[in-house]
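Coordinate-derived values only; no laboratory data. Bear in mind the structure is a predicted one, so any value in this text is a computation, not a measurement. With ideal geometry, Cβ positions are generated from the backbone for all residues, glycine too; neighbour counts draw on all protein chains shown.
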Amino acid sequence: MVEFTVPNFINLLAFIGLTIATYTIFYFGKTMSPKGIGTNLFTLALGINLIGLSHLFRIWLDILTSPLVLILVATGAMFLSTGIIWVVYEKSMEINNLKKREREINSTIAKLKEKYYQKELSEEDLKVLYSNLMKELTEIEVGLTERRK
């Protein structure tokens, strides 16, 4: 039989809070990412959920004698750390790819201007190409602004 003591109540609240955090990650990951829930977010959520389960098991098991609780906390911490690193890495890679594309477009624009001044490109062709590149450059700038938040 489980006694309702303050530590047991705190462990139950920790379990509920961490479970809600896990589902929040799934909800926002699904709605914010066009790819849906990736392995990185799943790993992060799994880590949080395992730590939450360890709090739940603390209610029924003696913390000092239960290796299950220690295994859950260690495994959860490992998944949590891996998930955090993975999420941050993927976000930084997205930003780096957008910056790289931005540099490529700026180089292309400079090359087009050079060809126009050397009379290798007509004014109409320059306008068409320039407008397309500026549209893409604007989309990249918006993407960079959104991802830096």
Problem - GNM top mover of T39, T138, T19 - the chain, alpha-carbon springs below 10 Å - result: T138
Exercise for the section: Rounded to whole Hz and in sequence order, give me ³J(HN,Hα) for the stretch 29-45 from the Karplus expression 6.51 cos²θ - 1.76 cosθ + 1.60, θ = phi - 60°, writing x for Gly and Pro. Expected result: x, 6, 7, 8, 9, x, 7, x, 7, x, 4, 5, 5, 4, 4, 4, 5
Handout entry: Those lysines that a straight Cα-Cα span of less than 16 Å connects to K113, excepting residues fewer than 8 apart in one chain
Key = K127
Problem - Tail fraction, Cα-Cα pairs, the stretch 32-143, threshold 16 Å, whole percent - result: 71 percent
Handout entry: Fewest-first ranking of F42, F9, F79, using other Cβ atoms within 10 Å as the exposure measure
Key = F9, F42, F79
Fill in the blank from the handout: Sorted on mean Cβ neighbours within 10 Å (highest first), peptides 50-60, 20-30 come out as 50-60, 20-30
Exercise for the section: Please sort by residue number the GluC sites (Glu not before Pro) in the stretch 1-103 whose DSSP state is loop and whose Cβ has at most 13 other Cβ atoms within 10 Å. Expected result: E3
Fill in the blank from the handout: For the stretch 16-130, whose charge dipole is built from +1 on Lys and Arg Cβ atoms and -1 on Asp and Glu Cβ atoms, the candidate among L68, L53, I109 with its Cα farthest towards the positive end is I109
Handout entry: For the stretch 91-149 and the stretch 9-34, distance of Cα centres in Å
Key = 40 Å
Practice task
Take the Cβ-Cβ distance between M134 and E114 as r, set R0 to 25 Å, and report the resulting FRET efficiency rounded to the nearest 0.05.
Solution key: 0.90
Problem - Net charge dipole size for the chain [Lys, Arg +1 and Asp, Glu -1 on Cβ; Debye, nearest 20] - result: 220 debye
